[in-house]
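Since the structure comes first, as structure tokens, the remarks are kept for the end.
Laboratory data are not the source of any read-out in this text; all were calculated from the coordinates shown. Quick caveat, the model's predicted, so the values are computed rather than measured. Note: ideal-geometry Cβ built from the backbone for every residue, glycine included; neighbour counts use all protein chains shown.
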Amino acid sequence: MSIPKQWPEIKSTPPFPILQVATSTQVAQFNLLLPHVSKHSHLPEIWAEGEYKIKPVEIRTLINSDNLEWQLLRVKFADLLPNIEYSLKIVVNEMMDCRWFKTLPPESEPLRFAFSNCLNDETFYIEIQKDIYTQLNRERPDLLILGGDLVYVDSRERWYNIPEGPQAQDCLIRYLETWHRLDLFKLPYLIPTIAIWDDHDYGINDGDLNFPHKETTLWLHRCFYGADDIDKVFINFNLGRIGVFTHSSQAFFLLDNRYFRLHDDLEIYPEIDELDYSSLYQYFIQQYSKQRYNLLGQEQEEWLLAQASSHRFIWLVGGNQFFGNHHQKESYSRSNPEQFYHFLARMKATEKRFAILSGDLHIAEFSRYQIYGQGEQPIYEFGVGPMHSTMKLSDCLPDCYERLANPYRIRSEKLREENPHLSEETLEKLANCGLACFRYNFAVFTTKFVENGLETKIKLVTDNCNPFLNFTTII
């Protein structure tokens, strides 16, 4: 791929765009977008400080511009300690950038991770995004999981009235622009981050395996948001944007719903209520056709199920909602029902407990699905987001909860007890319509194992100064 010789938004002064990526209790990795020290040197001066100065064990150039004005580097430190606050220091052209970071906490401690998606960098969101990242910086979770649409390659602002849309070289420019525009990459306290993609960072709205530039965007996403393998902690799969991250006996499977995807021609059969997931499950697991692997692809599904057997608890991280028959946007259940229900049957056969983290709907909603039958373990899906992107429904509309109803949203018995800060009007809506939020948001999950499962405390944080919602359950 030819790298543009000129890129007008290059930033030559701190803070430089930095993302801490997959990290363990001892290893920390960072992706840094930096100007060159000079045309004769590719490596700026980079080190960490705790009680003493620590040199990186590896600095690798991922992407260079042809005219050597900027470079994307991956930096790795090893032999670090948990619960120690380190400083990351970078000197470029006699200018210093300093950030704070930690490794992950010990495996014996509760894991506190944040999740969201949909990070739109169009002009309208540049001011809006500042508030949500102020809240994220205040929360300082142990881990940040980003569920896709992290770069809007096909930005309407960029490609308005241009029917052919972005070409291969344009994809890189959109990744660069996003990194320079968003405050996520300027946080004073860096957060270990793992990420998947969805259609917009893939390159085209509702894209599937036929997207002509998918190898280009795959390479870009791996460079900007990916990380190297860490033994027994982080593993990349060598096809698509797939990986698994493990900590505190919890495995986060990062699923690729674009690279292998074809949309099914199947219709939800009219004799079955489209919201009766239990009946649909029983119907579709009796079907088997050439469309069986149209969503995740056979290689991805087999890899996931082979890996799943060695983990105590599984989080499935997807760009779309899994259960989405209550709306018209893409979802696993609506777009590819045959693979969806077969996949759930195979997950049940592993006898592992699992839950779902999803996005793309641009509202947050917490749901519970009893599809396997009475007495069987329900499936929890925590839909979160957007961080900052289009809100087709907002809490400014008095009927927003009714206009996108979902009968499977959780009705919390401890709603008032856990949320004394909410108004009576909001409490009544949440009690009647289930747990949902129509603001820019991310969720912070605090998890620990108890006798009967994984205790999960969730704080849904919005762009204003107060947490919107608290909810606790055992999965």
Just from its helices, what would the mean residue ellipticity at 222 nm be for the chain, if runs of 4 or more DSSP H residues each count -39500 (n - 2.57) and the sum is divided by every residue, rounded to the nearest 500 deg cm²/dmol?
-6000 deg cm²/dmol
Projected label distance in nm at residue 290 and residue 353, using a 7 Å step from Cα toward the beta-carbon
4.3 nm
Just how large is the dipole of the chain about the Cα centre, in debye to the nearest 20, putting +1 at every Lys and Arg Cβ and -1 at every Asp and Glu Cβ?
1000 debye
Each residue of the range 82-95 in turn: what ³J(HN,Hα) in whole Hz from Karplus with 6.51, -1.76, 1.60 and θ = phi - 60°, glycine and Pro shown as x?
x, 6, 10, 8, 9, 10, 9, 10, 10, 10, 10, 6, 6, 10
Separation of the residue 130 and residue 158 label points, Cα + 7 Å toward Cβ, nm:
2.4 nm
Of the candidates 442, 400, 467, the farthest towards the positive dipole end of the range 397-475 (Lys/Arg Cβ +1, Asp/Glu Cβ -1, centred on the Cα centre) is 442
Gap in Å between the Cα centre of the range 132-208 and the Cα centre of the range 309-367?
23 Å
Among the DSSP H helices of the chain, those whose Cα atoms extend at least 20 Å along the helix axis and whose mean Kyte-Doolittle hydropathy is -1.0 or higher are 168-181
Write out the chymotrypsin sites (Phe, Trp or Tyr not before Pro) in the range 236-315 meeting two conditions: DSSP loop, and at most 10 other Cβ atoms within 10 Å of their Cβ.
288
If packing is taken as the average number of other Cβ atoms within 10 Å across a peptide's residues, how do 348-356, 438-446 rank, most packed first?
438-446, 348-356
May I ask you to order 87-93, 199-205 by the average number of other C-beta atoms within 10 Å around their residues, highest value first?
199-205, 87-93
Considering only DSSP beta bridges where both residues belong to the range 109-474, give the percentage that are antiparallel (nearest 5).
60 percent
What distance in nm lies between label points placed 7 Å from Cα along the C-beta direction at residue 64 and residue 306?
3.7 nm
HN-Hα couplings for the range 192-204 via Karplus (6.51, -1.76, 1.60; θ = phi - 60°), in whole Hz with x for Gly/Pro, come out as x, 10, 10, 8, 10, 10, 10, 5, 6, 7, 5, x, 7
Using the crude model of +1 on Lys and Arg Cβ and -1 on Asp and Glu Cβ, and no other charge, please compute the dipole size for the range 322-376 relative to its Cα centre, in debye to 20.
140 debye
Could you order peptides 361-369, 407-415 by the average number of other Cβ atoms within 10 Å of their residues, highest first?
361-369, 407-415
